[in-house]
Amino acid sequence: MTTWHPVDHRAAVATETAKFTSVLNGADLATPVPTCPDWTLADLVKHTGSVQRWFSTLLHARIQSPPQSREVDLRLPTRTDAYPGWLDESAAVAADAFATTDPDLPMWAWGADHHARFWARRMLFETLVHRADAELTLGLRPAIDRTLAVDGIDEFLVNLPFATFFAPKVANLRGTGQTILFRTTDANAAWLVTLRPDGFGITPAHATADTTANTTGNITTDITTDATVQAPAADLLLLLYGRRQHTSDTVEHEGDQDLLLRWFANSAF
């Protein structure tokens, strides 16, 4: 069995932010972002830095209940050409919040994990996916570390059932026991989604891998599911976020196509 090393989400926020701002070097920030309709690169940068600063405010406050406001002093530059430097500063603001907050501190969070570490993990994948958006906008193929991608897939799927307050279509993901298996082709990781009348459940990566692995350490294909989707981890992550189509060349899928169409029409955010 492949052993995945824990991801240092706090350090990875800084790394991914640096990659993001590097991609922007020489770019026209007025360029529209195809994967985020109605946004330009400037909007993409502003959103990412705003998320980093807002989450940092939540960490400093050690919030124990849903925040009543998203008011944050963004210190946003007046000129968009200064946005990349401002994004770098946003990562420094986040690093300060991380340094003064125990990741195991109990905190309110909208997802599954009610600890401070939830916010660092969420911030990481907000930053990583929007870095990929910038690269796709500029005609580049996003390079995503495989271990990070596996962790990002898990973070997305585990938290998705709780995302209806900002992604209301998630409420449409109900059923009578239909199952979808998401599997990486370059890593020993898989996730089983089961649609139920009250919503859907996720069997996390390692639980699925441990119960379906054969003696060679690979995920077997003899699980009975209604649909299966598999791709390299980076492509599967982008697929789940709606940055790839399940019909693209890097993605393999089989089984109930209507079920897959319903999943992808209602799950991305």
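Values quoted throughout were computed directly from the atomic coordinates according to the rules given, and no laboratory measurement underlies them. As the structure is a computational prediction, the values presented were derived from the model and not from experiment. With ideal geometry, Cβ positions are generated from the backbone for all residues, glycine too; neighbour counts draw on all protein chains shown.
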*asked:* Only sites in a loop by DSSP and with at most 16 other Cβ atoms within 10 Å count here; which chymotrypsin sites (Phe, Trp or Tyr not before Pro) in the stretch 134-175 make the cut?
replied: 166
*To the nearest 20 debye, what charge dipole does the stretch 1-134 have about its Cα centre, counting +1 at the Cβ of each Lys and Arg and -1 at the Cβ of each Asp and Glu?*
160
*In whole Å, what are the Cα extents of the stretch 101-201 along the three principal axes, biggest one first?*
41, 36, 28
*What are the ³J(HN,Hα) values, in whole Hz, obtained from phi via the Karplus relation 6.51 cos²θ - 1.76 cosθ + 1.60 with θ = phi - 60°, for each residue of the stretch 245-252 in sequence order, with x given for Gly and Pro?*
9, 6, 8, 6, 5, 8, 10, 10
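Under a point-charge model restricted to the Cβ atoms of Lys and Arg (+1) and Asp and Glu (-1), what is the dipole moment magnitude of the chain relative to its Cα centre, in debye to the nearest 20? The partial results should precede the final answer.
Working: 21 positive and 32 negative charges, 99 e Å.
So the dipole magnitude of the chain works out to roughly 480 debye.
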*For the chain, with the dipole built from +1 on Lys and Arg beta-carbon atoms and -1 on Asp and Glu ones, taken about the Cα centre, which of 188, 237, 69 lies farthest toward the positive end?*
69
_Low-density loop cleavage sites - trypsin sites (Lys or Arg not before Pro) in the stretch 1-92, where at most 14 other Cβ are within 10 Å (DSSP)_ = 62, 70, 75, 79
*When the Karplus curve 6.51 cos²θ - 1.76 cosθ + 1.60 is applied with θ = phi - 60°, which whole-Hz ³J(HN,Hα) does each residue of the stretch 72-82 get, with x for Gly and Pro?*
9, 6, 6, 6, 6, x, 6, 9, 5, 5, 8
*Starting at the first residue of the stretch 159-168, write each ³J(HN,Hα) from the Karplus equation 6.51 cos²θ - 1.76 cosθ + 1.60 with θ = phi - 60°, in whole Hz, x for Gly and Pro.*
8, 4, x, 9, 8, 5, 6, 10, 10, x
*Compute the Rg/Rh shape ratio of the chain: radius of gyration over Kirkwood radius, all on alpha-carbon atoms.*
0.97
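Evaluated at 10 °C with a viscosity of 1.306 mPa s, what Stokes-Einstein diffusion coefficient in µm²/s does the stretch 9-143 have when Rh comes from the Kirkwood expression over alpha-carbon pairs?
105
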*Between helix 83-99 and the chain: long-axis angle, C-alpha atoms, 0 to 90°, nearest 10*: 70
_Can you tell me the orientation of helix 116-137 relative to the chain, as the angle in degrees between its alpha-carbon axis and the longest Cα principal axis, to the nearest 10?_
90
